[in-house]
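Q: One structure, as structure tokens, below. Some questions next.
A short reminder: the numbers here are calculations on the coordinates, not readings from a lab. Fair warning: this is a prediction, and the values are worked out from it, not measured in the lab. Virtual Cβ from ideal backbone geometry, glycine too; neighbours counted across all protein chains shown.
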Amino acid sequence: MRWLRRFKEKALWEKRLNSELQFHLEQQREAYVAAGLSEAEARRRAAIDFGGLEPAKEECREARWEYQVDVLARDFRFALRGLLKDRRFSCIAILALALGIGASTAIFSVVDNALFEPFAYKDSHHLVTVHLRDQDQAEEWRGLFLYDEFQEFGKQKQLFESAVANLEDDVVYSAGQNSVLLAGNYVTPGTFEFYGVAPYLGRSLEPADYQADAPPVFVMRYRTWVQKFGADPSLLGKPFNLNGVSRTLVGIEAPRFAWGGVDLWMPRGPAEPKIIRSFDGKQYWGVVARIRPGVSLEQAASQLNVIAQRFSKIYPKDYPTHFSMEVESFERAVLPPEFRRALYMFSAAVGLLLLIGCANVANLLLARATTREKEFALRAALGATRFRIVRQLLVESFLLAFAGAILGIFLGWAGVGTIAAVIPEFTIASETVIQMNSSVLLFALVAGVCTVFLFGLFPALKVSRCSLEESLRDTGKGLSGTSTGKGLRNAVVVAEVALSVTLLFTASLFVRSFIALERVPLGLQTDHILTARLPLPRERYKTGPQVQSFFRPLLERLKSSPGVVYAAETSTRPPYGGIRSEVEVSGKAHPEKWFGLFQLCSEDYLRLLRIRVLEGREFTEAEVNDARHVAVINQTLQRRYFGAQDPIGQKIRLDELKDFPDAVGDPWFEVIGVVGDARNRGLEEPIDPEIWIPYTVTGSAMRGILVRTTNDPMSMMKNVAREIWAVDHSVAMAEPNTLDYFLELFTFAQPRFGLWIVGIFAGVGLLLVTIGVYSVMAYNTARRTHEFGLRMAMGAASSSVLKMVLRDGLRLLAMGILAGMLCSLALARIITSQLWGVSPYDPLTIGAVAGLLLLIGLAACWMPARRATRVDPMAALRYE
Amino acid sequence: MAQEKAEFLKGTLDMLILKVVAAGPIHGYAISQRIQQISKDFFQVPQGSLYPALHRLEERGWVEADWKETATGREAKFYKLTRNGRKQLESEMEHWERLSDAVALILRTAE
């Protein structure tokens with residue numbers, strides 16, 4: 001700590017320096033006195049010989065390193081004072097820098113996490129999934145395969161290194177009298193080796209677990225363990241009653257292992273298939289394979305086609321007439337392509353944003369430097385070395401860069417948090433962790449800070465380049481700046497405005513599309529409805545009467561409980577509806593196939609959803625209880641298949657029912673009513689023909705309940721669960737929630753997310769463009785101060801100077817807006833798929849955006865323009 | 001141009017000071033007298049610029065100082081050469097000799 005002591009001893013050091021010099025003078029004086037001079041003359045001569053005492057002292061001080069620290073501190077104080085004095089400049093520069101750094105970091109982080117590294121799995125870039133496409137409909141037929149098919153795929157060692165499959169199943173975990181429903185996956189041998197992720201606790205499934213005589217075990221997802229089981233490590237090694245089988249929990253998987261997004265994984269042993277609960281007799285497996293390096297996706301697909309041709313003979317019902325196999329990279333399959341495209345677009349735009357932020361800062365610094373050129377020339381003239389001026393500017397730049405970087409890091413951090421919070425479920429892989437990407441942050445910081453230093457030092461370069469006199473005489477006096485610099489600056493403004501127009505336009509289209517979506521008439525009322533799937537234990541609920549023996553008492557109990565208005569059985573969750581089936585109408589011949597969606601429901605279903613009956617009537621309770629073959633149809637079906645004919649009393653056939661495990665031998669139904677159209681394929685798709693029939697006609701198909709309540713549906717959840725367990729304690733609710741919640745999740749969440757991102761983006765863009773226009777206009781006018789002074793001295797009115805500046809700004813704005821419109825139109829095709837109910841060429845939106853930008857741009861020009869008019873002609877011309 | 005001259009003098013002054021200090025503990029005034037004496041008034045060393053030079057040398061660790069009593073009983077700061085200072089002096093002298101030899105050679109051959 002010697003240096004600290006030295007610092008403290010500064011006073012002592014000063015005293016010693018003083019006495020050393022005094023000693024010298026004293027000696028000299030004595031020498032002169034000895035030579036015979038008078039006392040006064042000797043003192044005078046000694047002082048003259050010595051020269052300036054104070055400069056000598058100062059030079060001695062400079063020899064010490066403490067002096068450098070002092071000077072630096074002084075520079076800091078001076079820079080801080082300067083920045084505080086020019087508060088508008090400082091705030092704007094810091095904001096521009098922070099926005100550029102923050103926004104680009106946040107969005108790049110999300111893109112990087114979601115797109116480039118979404119999975120923590122071994123070699124995840126080589127993972128592929130397999131789909132079967134219907135070539136006639138040009139859409140996916142199925143993405144799941146029979147176990148035979150999977151085994152055959154796995155044998156193609158020339159294509160795949162290995163392959164695994166999973167079968168999703170509801171798992172009822174029975175603890176005492178209550179049951180909890182968990183999502184489970186049966187997995188094939190080698191699954192955990194395939195993904196290569198070490199477990200968090202315990203062990204993963206091992207080869208021995210898949211043997212026929214192995215004791216039943218399972219492993220759990222980290223999130224489930226934390227959220228549903230309180231992260232209790234003592235659960236490891238304990239048996240759980242799952243679907244009636246006692247299984248031992250042997251491991252908790254790593255936090256980022258979420259294969260299939262389920263709660264637990266069980267080995268698929270030879271004995272397992274019997275207890276799997278999926279309702280159809282056949283089991284369909286999801287297949288993931290690791291493709292060999294060098295094998296293309298197309299090659300793999302064409303070889304799988306050969307296998308599929310063979311299987312289509314064995315399982316003709318599982319294949320469409322014309323089909324092809326498709327092999328897709330895993331990452332692509334998990335992330336919707338539209339979302340991926342949107343993210344790519346954003347990452348490109350965000351790079352531009354960073355660029356613009358930096359350009360703005362550069363312009364601001366240049367503008368400031370111009371007005372300060374004289375200050376630096378004066379300093380140099382007074383003896384400041386170039387090093388001193390550079391250091392002064394470095395300190396100033398450092399302060400700006402530091403403040404901007406800190407604020408930028410904060411904005412980036414907050415932005416990542418916000419985006420991660422509003423990303424809707426199922427948009428990105430559940431394995432993805434959205435967090436700040438440090439290398440991206442570093443890049444943005446370096447770019448921003450370099451800009452500040454580079455352009456912050458600009459005045460020093462100028463000072464050293466031209467001679468002092470020239471600088472003093474001529475700074476900022478040219479009629480305009482260097483022409484190349486000016487062209488570049490103007491180009492930046494035009495580009496900024498264009499980008500901003502494009503962003504704002506996209507954002508406005510998203511808003512309009514969202515509003516259009518929210519205004520779609522559903523045809524049914526989703527408020528105050530609690531809904532849940534009820535997976536019934538397959539072995540005890542196989543036939544219609546068995547299913548009825550569960551629902552009839554349950555619905556009666558629910559209806560009589562306080563707070564419940566209606567309760568109904570349903571096979572799907574509105575506004576997505578029904579089981580797809582081929583439809584026949586008696587006495588109608590038609591060349592093409594007719595399809596419809598049918599819903600297995602109880603008598604209160606239509607009433608509960610407030611679907612209007614237009615003709616005929618609904619089912620009666622007796623009809624449902626007796627499993628009568630009666631049907632209610634929607635208007636679309638009536639219009640499309642009956643035409644002008646009165647459908648009441650006509651017969652309709654639902655062929656799909658013949659293929660159910662609990663088949664309906666003669667699936668003809670008599671139409672007893674027609675109801676108003678309600679959305680049945682979500683909000684965006686057109687309504688399909690729909691048929692409602694009593695749920696009691698078959699024991700197959702997934703079932704669920706709808707309960708309309710008087711108060712908040714979620715508050716009724718416990719009561720509903722109690723009634724369910726009172727009827728059968730081995731049944732648990734799957735995904736219980738309000739219908740509004742699902743509507744939000746599946747319909748509005750994704751567009752709202754898009755809205756958020758684009759909205760933030762457009763906001764940041766607008767702010768930056770305002771800063772950009774302001775800074776360039778400020779720079780341009782600062783350079784022309786002298787010219788304006790001259791003009792005004794020659795008699796120009798201040799209003800004409802104002803007009804001149806505004807006209808300049810307007811020209812740039814107009815060019816930018818025009819370019820932006822062209823960009824928007826070019827982009828329209830790409831964003832069409834993201835829009836609903838609004839044209840990407842919407843003239844109203846374009847007009848509004850252009851108007852808004854013009855207004856904001858002019859406002860940004862206004863300040864420098866006003867300043868130009870306030871130029872005092874005398875002050876501007878004084879140094880002529 | 002004025003600055004370059006100052007640079008040149010500063011380097012030369014440093015060497016001269018080191019040379020003088022090498023003779024043993026000596027205070028600032030005596031150094032200035034000695035330099036004037038050796039250089040036979042050829043160098044008009046402003047006495048004021050001697051001290052910054054001394055402080056610079058001290059900061060670099062080539063000389064060190066002690067406060068001692070002079071023969072007349074006054075407190076004065078006495079400088080002496082450190083080991084590093086001696087090395088520095090040797091290298092500077094060598095450098096200087098080479099330089100002056102070179103200059104002399106050039107002047108001779110240019111004739």
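Q: Rounded, prolate or oblate: which fits segment A:581-674, taking a ≥ b ≥ c as square roots of the Cα gyration tensor eigenvalues, rounded meaning a/c under 1.5, else prolate when a/b beats b/c?
A: oblate
Q: Pull out the extension gain between A:Glu518 and A:Leu394, defined as 0.36 nm times the separation in residues minus the alpha carbon to alpha carbon distance; nm, one decimal.
A: Details: separation 124, 0.36 × 124 = 44.64 nm, distance 5.42 nm.
Computed gain between A:Glu518 and A:Leu394 is 39.2 nm.
Q: Rule-of-thumb check for segment B:2-110: C-alpha Rg over 2.2 N^0.38 Å?
A: Cα Rg divided by the expected 2.2 N^0.38 Å: 1.17.
Q: Along segment A:497-510, what does the Karplus equation 6.51 cos²θ - 1.76 cosθ + 1.60 (θ = phi - 60°) give for ³J(HN,Hα), rounded to whole Hz, x for Gly and Pro?
A: So the J values, rounded to whole Hz, are 4, 4, 4, 5, 4, 4, 4, 4, 4, 4, 4, 5, 4, 4.
Q: Throw me the Rg/Rh for segment A:535-732, computed over C-alpha atoms with Kirkwood Rh, two decimals.
A: 0.97
Q: Using 1/(1 + (r/R0)^6) with R0 = 45 angstrom and r between the beta carbons of B:Leu99 and A:Glu375, what's the FRET efficiency to the nearest 0.05? Write out the running numbers ahead of the final one.
A: Numbers: r = 42 Å, r/R0 = 0.94.
Efficiency, rounded to the nearest 0.05: 0.60.
Q: Near the amide H of A:Met266, under 5 Å away, which other amide H atoms are found, from residues 5 or more places off or on another chain, if H is placed in the peptide plane?
A: Under 5 Å from the amide H of A:Met266: A:Asn185, A:Tyr186, A:Val187.
Q: Test of the criteria: in segment A:659-756, which GluC sites (Glu not before Pro) are in a DSSP loop and have at most 16 other Cβ atoms within 10 angstrom of their Cβ?
A: Filter output for segment A:659-756: A:Glu684.
Q: Right, next: So if I place +1 on the C-beta of Lys and Arg and -1 on the C-beta of Asp and Glu, and nothing else carries charge, what would the dipole magnitude of segment A:2-63 be about its Cα centre? I want it in debye, nearest 20.
A: 480 debye
Q: Give the residue from A:Leu536, A:Phe257, A:Gly754 lying farthest towards the positive end of the charge dipole for the protein assembly as shown; charges sit on Cβ (+1 for Lys and Arg, -1 for Asp and Glu) and the dipole is referred to the Cα centre.
A: Result: A:Gly754.
Q: What pairs from A:Lys57/B:Lys19; A:Lys10/A:Lys374; A:Lys282/A:Lys651 go past 28 Å between their alpha carbons?
A: Details: A:Lys57/B:Lys19 24 Å; A:Lys10/A:Lys374 36 Å; A:Lys282/A:Lys651 31 Å.
Table pairs above 28 Å Cα-Cα are A:Lys10/A:Lys374; A:Lys282/A:Lys651.
Q: I'm a student and want to see the number: the projected area of the Cα convex hull of segment A:708-849, averaged over all directions, in nm².
A: Working: hull surface 62.2 nm².
Projected over every direction and averaged, the Cα hull of segment A:708-849 covers 15.6 nm².
Q: Here is a further query. Scan around A:Tyr576 for amide H atoms under 5 Å from its own, H built in the peptide plane at 1.01 Å from N, and keep only partners 5 or more places away or cross-chain.
A: A:Gly682
Q: Another question, if that's okay. To the nearest 20 debye, what is the magnitude of the charge dipole of chain A about its Cα centre, counting +1 on the Cβ of each Lys and Arg and -1 on the Cβ of each Asp and Glu?
A: For chain A, the charge dipole is close to 3920 debye.
Q: Using only Cα atoms and rounding to the nearest 10 degrees, what angle (0 to 90) does helix A:65-85 make with the longest principal axis of chain A?
A: Between the helix axis and the principal axis of chain A, the angle is about 70 degrees.
Q: Taking N as the number of residues in segment A:2-63, what is its Cα Rg relative to 2.2 N^0.38 Å?
A: That works out to 1.40 for segment A:2-63.
Q: Could you derive backbone 3J(HN,Hα) for segment A:523-540 from the dihedral phi with the Karplus parameters 6.51, -1.76 and 1.60 (θ = phi - 60°), listing whole Hz in sequence and x where the residue is Gly or Pro?
A: x, 8, 10, 9, 6, 6, 10, 9, 9, 7, 7, 10, x, 8, x, 4, 5, 9
Q: What's the long-distance tail for segment A:171-273, i.e. % of Cα pairs beyond 22 Å? Mind dumping the intermediate values first?
A: Values: 1139 of 5253 pairs.
For segment A:171-273, the fraction of Cα-Cα distances above 22 Å is 22 percent.
Q: In whole Hz, what ³J(HN,Hα) sequence does segment A:95-102 give by Karplus (6.51, -1.76, 1.60; θ = phi - 60°), x for Gly and Pro?
A: Listing the rounded values in order: 5, 4, 5, 5, 5, x, 5, x Hz.
Q: Taking 51 Å as R0, compute the FRET efficiency from the Cβ-Cβ separation of A:Val71 and A:Val180 and round it to 0.05.
A: FRET efficiency, A:Val71 to A:Val180: 0.10.
Q: Return the equivalent ellipsoid semi-axes of the protein assembly as shown as a descending list in whole Å, where each equals the square root of 5 times an eigenvalue of the C-alpha gyration tensor. Don't skip to the answer; put the middle values down first.
A: Numbers: eigenvalues 1459, 285, 129 Å².
Semi-axes (√(5λ), whole Å): 85, 38, 25.
Q: If amide hydrogens are placed 1.01 Å from N in the peptide plane, which non-local residues have theirs closer than 5 Å to the one on A:Cys601?
A: Result for A:Cys601 returns A:Ile693, A:Tyr695.
Q: Wrap a convex hull around the Cα atoms of segment A:793-870, take a quarter of its surface area, and give that in square nanometres.
A: 6.0 nm²
Q: A further question on this structure: Using a simple spin-label model with points 7 Å from Cα along the Cα→Cβ vector, what separation in nm is obtained for A:Tyr841 and A:Ala875?
A: 5.4 nm
Q: Taking just the C-alpha trace of segment A:487-561, give me its Rg and Dmax in Å.
A: 27.7, 82
Q: Related question: Would you work out if segment A:364-413 is rounded, prolate or oblate? Take a ≥ b ≥ c from the square roots of the eigenvalues of the alpha-carbon gyration tensor; rounded if a/c is under 1.5, else prolate when a/b is larger than b/c, oblate otherwise.
A: Oblate is the answer for segment A:364-413, as a/c is 1.5 or above yet b/c matches or exceeds a/b.
Q: Using helices alone, I'd like the mean residue ellipticity at 222 nm for chain A: each DSSP H run of four-plus residues gives -39500 (n - 2.57), total over residue count, nearest 500. Before the final figure, lay out the partial values.
A: Values: 27 runs with 449 residues, N = 880.
Computed ellipticity for chain A at 222 nm equals -17000 deg cm²/dmol.
Q: Calculate the all-directions average of the projected area of segment A:124-334's alpha-carbon convex hull, and give it in nm².
A: 12.4 nm²
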